[in-house]
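Presented below is the structure to which this report refers.
The values are calculated or read from the model by the stated rules, or taken from the named source; none is laboratory data. Computed from a predicted model, the values in this text were never measured in an experiment. Neighbour counts are summed over all protein chains in view; Cβ atoms, including those assigned to glycine, are modelled from backbone coordinates with ideal geometry. Heads up: the accessible areas ignore ligands, DNA and RNA and are worked out on the full protein's heavy atoms, side chains in. Shrake-Rupley method; radii C 1.70, N 1.55, O 1.52, S 1.80 Å.
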Amino acid sequence: ELSRVFSFFTANTPGYQVNVDRNKCAKLGVSVADVYSTIQTFLGSSYINDFTIYGRNFHVVAQADTNYRRSIQSLSKYYVKNSAGDMIPLSTLISYKITESASLISHYNMFRSAEIDGNAATGYSSGDAIKALKEVAAQVLPAGYGYDFSGLSREEINAGNSTIVIFSLSLLFVFLFLTALYESWSVPLAVLFAVPIGAFGAIVTLTLLPKLSDNVYAQIGLIALIGLAAKNAILIVEFAKERVARGMAVVPATIEAVKLRLRPILMTSMAFIFGVSPLAFATGAGAQARSTIGWTVLGGMLAATMLAIFIVPVLFVTITRFTTGKKNPEELEASNVKE
C-alpha cells in the first residue's frame, strides 16, 4: 500500500562525547563553567559585542583560528585559568570518545520523534496507506513507543466521515432548492437521480486510471458533480413539467422536452468537458491535484451527458405517474375544479 517511504532520521551519525573530570577541576581550582566556556569559545564561537566604524556595525566574535579547531585533538592546545591564575591545559581536565547518535533530534507534541514520509502505492488511496501504516506501527513499535500523524494525513483522519455528511447536506440543499423551484416534493427526485449517474462515471474514471486515487481532490470533484449533473436533468424536467402543466400528456411532454433541450444539453456539456480538459492533462508542479479534479469531473460529466438524457426522462415519467396516480392532467384538473 505504500511507496517511496523515507526518513531523514538516523541514529548512526558519528560524533564526539566530551566528558569533564569534575574531581580534577576541584583539585586544580578550575571552575567547570570556565571549562565549558573555553570549549565553546574556541571550537564554536562566543559573541562579545558590537562596534561601529566607517558608518557600519560589526559583530565581535571570539573563536579559535581555523588551524586550531580542525579536529578534536585541538583541545590539547587550549588552556583554562584556575583560581590561582595559572594556565591549566584543557586536555588534563577532559576526555573524549567517538559515539553514534542522531544528527538532529526533532520533537512532536513535546516528545522526541522521528518523521517518516511516503506516498500511497499505485492503485491504493490515502486511506489505505494510513491503515497500512497503523497496522505496521502496531506490529513493529516496541513498548513505550507511540506514533501520530501530521499534515494532510492528520487532517484526513480528523475529518473522519465528514465527507458523507457534506455529500448528504449538498444533496439535501439541492433537493430543497428544486422543491421550491418546482413547488413539488416529487419532481426534484427525477433531477437528483441524475447525480448517481455522474458519480458512477467519476468512480469508473478513477478506477480505470491507476495514477489517480480517491483523495480529497476527487471528493471536491464529486461535490461539484452534484450541481453539474443536476443541470442537464433540470433542462429536461423543467420543460417537461411546463408542458404537463399546460395539459399535455406526460409522455409526449417529456419527449418534446428532450427534443427541444438535447442540443443545449450537448453544447453546454461538451463546452464544459473541453474546458476542464487542461486540468485533466495537467503537468508540472501540482499536476496530481489538478488531474484528479479534472478527470473526476470529466468522467462524471461524460456519464451524466450520455446516460442521463435517456434515464432522466424515464424517471420523470415514472415519478409523475406514480405521484398523480396514473391520471391524465385533464382528469386531475377536472377533479380539482369539482373539489
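Scanning region 62-74 for residues that are assigned to a helix (DSSP H, G or I) and free of Cβ contacts under 8 Å to residues at least 40 places away in the same chain yields THR66, ASN67, TYR68, GLN73, SER74.
Looking across SER83, SER153, one residue alone is out of contact with any Ser or Thr (no Cβ under 6 Å at 6 or more places or on another chain), surrounded by fewer than 12 Cβ atoms within 10 Å (Cβ to Cβ), in contact (Cβ under 8 Å) with a residue 12 or more places away in the chain and not in a strand (DSSP E or B). It is SER83. Among the residues of region 12-47 satisfying the criterion of being open to solvent by 90 Å² or more (accessible area, probe 1.4 Å) and under 51 Å from the mean Cα position of the chain (by Cα), which is nearest to ASN82 (Cα to Cα)? Among them, the one singled out is TYR36.
If you filter region 127-146 down to residues that are more than 19 Å from SER7 (Cβ to Cβ) and surrounded by 12 or more Cβ atoms within 10 Å (Cβ to Cβ), you find that the one that is modelled with the lowest pLDDT is GLY127. All conditions in (1) open to solvent by 70 Å² or more (accessible area, probe 1.4 Å); (2) assigned to a helix (DSSP H, G or I) hold for ALA224, with the sole exception of (1). Given LEU209, LEU171, LEU189, LEU176, which one is out of contact with any Asp or Glu (no Cβ under 7 Å at 6 or more places or on another chain) and over 21 Å from MET301 (Cα atoms)? Of the residues listed, the single one that is out of contact with any Asp or Glu (no Cβ under 7 Å at 6 or more places or on another chain) and over 21 Å from MET301 (Cα atoms) is LEU176. Taken over region 187-207, the residue count meeting the criterion of being in a helix (DSSP H, G or I) and buried (at least 19 other Cβ atoms within 10 Å of the Cβ) is 13.
Residues in region 54-79 that are among the β-branched types (Val, Ile, Thr) and at pLDDT below 90: THR66, ILE72.
When region 113-126 is limited to residues that are open to solvent by less than 80 Å² (accessible area, probe 1.4 Å) and part of a loop (DSSP other than H, G, I, E, B), the one that is farthest from GLU156 (Cα to Cα) turns out to be ALA114.
Count of region 267-310 residues, restricted to those that are open to solvent by 70 Å² or more (accessible area, probe 1.4 Å) and either part of a helix (DSSP H, G or I) or over 20 Å from ILE203 (Cα atoms) (or both), is 11.
Of all residues in region 156-170 being open to solvent by less than 70 Å² (accessible area, probe 1.4 Å) and assigned to a helix (DSSP H, G or I), which is farthest from PHE239 (Cα to Cα)? Step by step, filter region 156-170, then rank; the result is ILE157. Just to be sure before I move on: is THR318 of a type in the set (Val, Ile, Thr) and farther than 30 Å from ALA120 by Cβ in the structure I sent? Yes; evaluated as a whole, the condition is true for this residue. Counting the residues of region 86-112 that are within 30 Å of GLY144 (Cβ to Cβ), assigned to a strand (DSSP E or B) and open to solvent by 40 Å² or more (accessible area, probe 1.4 Å) gives 9. Restricting attention to region 227-256, the residues that are touching a residue at least 60 places away in the same chain (Cβ under 8 Å), surrounded by fewer than 19 Cβ atoms within 10 Å (Cβ to Cβ) and in a helix (DSSP H, G or I) add up to 2.
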